[in-house]
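Engineer: Following this message is one structure expressed as structure tokens.
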Amino acid sequence: MGLIFTINFKMNILHRTILSTTFFLLGILPSVFAQSSESPIQSQPSGRNLISCSAYNSITYSGHTIEQINHTEGDFDQLFGQPDSIKEHDGWAKTYYYEKNTIGYNEDGYTSGMTLISSQWPVKISGKEIRVEDSFSELQQKFGSNLKIIHKPVLGPEYVVSFNCLGKDGDGLHIKFNPVTDKVTEIKYWVNT
């Protein structure tokens, strides 16, 4: 009797272990397969995304083109409200801080750069809105599956989607992505001075 009880008890434990393992695998396998898809670093073509200069000049930052921003002559209050702080650099250039976002303005009277880390300021390229926290697949839906990326491991693990126009190779718009989440972490506009 004791031997039969021991065998039944061990079979019951084995049965529970098999069921637990099966349910565990059924729960984890979908996420394993979902993660096995290639990251944009492996799947996307490398390079810059060239758009017409007209489309590039029409990119808006929180609803305003760079031309409109430059026309403020550094008085950004009229477009973005009062900055949280302003930092002067060597008496000629200034950085305006709006929470996590910054605007750089130089002595030549134009916006030299803009860094958006908050999703509150959308960027529109050819009428398609992008925000910090958007996913790479969202950008693919808006700009096509062959969206080019730039990845330089020497500079860091992040990759960027760059929009430029011909003739303005020193200027651009970079959309930086976290390689783990494939979400936008920063949108940066700059002018090569």
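The values are calculated or read from the model by the stated rules, or taken from the named source; none is laboratory data. Worth saying up front: this structure is predicted, and the values here are computed from it rather than measured. Because the Cβ atoms are built from the backbone with ideal geometry, glycine has one as well, and the counts that use them run over all protein chains shown.
Engineer: Quick one: is Pro179 in contact with a strand residue (DSSP E or B) (Cβ under 9 Å, 6 or more places away or on another chain), in the same structural domain as Lys100 (by TED's automatic domain parsing) and in a loop (DSSP other than H, G, I, E, B)? Working first, answer last.
Structural biologist: Numbers: in contact with a strand residue (DSSP E or B) (Cβ under 9 Å, 6 or more places away or on another chain): yes; in the same structural domain as Lys100 (by TED's automatic domain parsing): yes; in a loop (DSSP other than H, G, I, E, B): yes.
Judged against the criteria, Pro179 is a match.
Engineer: Can I ask one more? Name the residues in segment 64-101 that are under 25 Å from Ser54 (Cα atoms) and touching a residue at least 12 places away in the same chain (Cβ under 8 Å), would you?
Structural biologist: Result: His64, Ile66, Ile69, Asn70, Glu73, Gly74, Phe76, Leu79, Phe80.
Engineer: Quick one: in segment 101-141, of everything that is in contact with an Asp or Glu (Cβ under 8 Å, 6 or more places away or on another chain) and assigned to a helix (DSSP H, G or I), which residue is nearest to Ile66 (Cα to Cα)?
Structural biologist: Phe136
Engineer: Here is a further query. Considering only segment 99-120, how many residues are out of contact with any strand residue (DSSP E or B) (no Cβ under 9 Å at 6 or more places or on another chain) and surrounded by 18 or more Cβ atoms within 10 Å (Cβ to Cβ)?
Structural biologist: Looking only at segment 99-120, we keep the residues that are out of contact with any strand residue (DSSP E or B) (no Cβ under 9 Å at 6 or more places or on another chain), and these are 99, 108-110.
Pick out the ones that are also surrounded by 18 or more Cβ atoms within 10 Å (Cβ to Cβ) and you get none.
Total satisfying the criteria: 0.
Engineer: If you go through segment 25-42 one residue at a time, how many are surrounded by 11 or more Cβ atoms within 10 Å (Cβ to Cβ) and either at pLDDT 90 or above or part of a helix (DSSP H, G or I) (or both)? Step through it out loud before you land on a result.
Structural biologist: We begin by selecting, within segment 25-42, every residue surrounded by 11 or more Cβ atoms within 10 Å (Cβ to Cβ); these are 39-41.
Filter once more, keeping what is either at pLDDT 90 or above or part of a helix (DSSP H, G or I) (or both): 40-41.
Of the residues in that region, 2 qualify.
Engineer: Restricting attention to segment 55-92, and to residues there that are in a strand (DSSP E or B) and touching a Lys or Arg at 6+ places or on another chain (Cβ under 9 Å), which single residue is surrounded by the fewest Cβ atoms within 10 Å (Cβ to Cβ)? Lay out the reasoning, then the answer.
Structural biologist: Taking segment 55-92 and keeping what is in a strand (DSSP E or B), we get 60-61, 64-65, 85-89.
Filter again for touching a Lys or Arg at 6+ places or on another chain (Cβ under 9 Å), leaving 60-61, 86-88.
Values: Thr60: 17, Tyr61: 23, Ile86: 13, Lys87: 12, Glu88: 9.
Among those that are in a strand (DSSP E or B) and touching a Lys or Arg at 6+ places or on another chain (Cβ under 9 Å), it is Glu88.
Engineer: Taking segment 94-115 as the search range and keeping residues that are at pLDDT 90 or above and small (Gly, Ala, Ser), which one is farthest from Glu73 (Cα to Cα)?
Structural biologist: Gly113
Engineer: Continuing with the same structure: I'd like to verify a number: residues in segment 136-179 that are of a type in the set (Val, Ile, Thr) and free of Cβ contacts under 8 Å to residues at least 12 places away in the same chain, how many?
Structural biologist: The initial filter retains those residues of segment 136-179 that are of a type in the set (Val, Ile, Thr), namely 149-150, 154, 160-161, 175.
Now restrict to residues that are free of Cβ contacts under 8 Å to residues at least 12 places away in the same chain: 154.
Going through segment 136-179 one residue at a time, the tally reaches 1.
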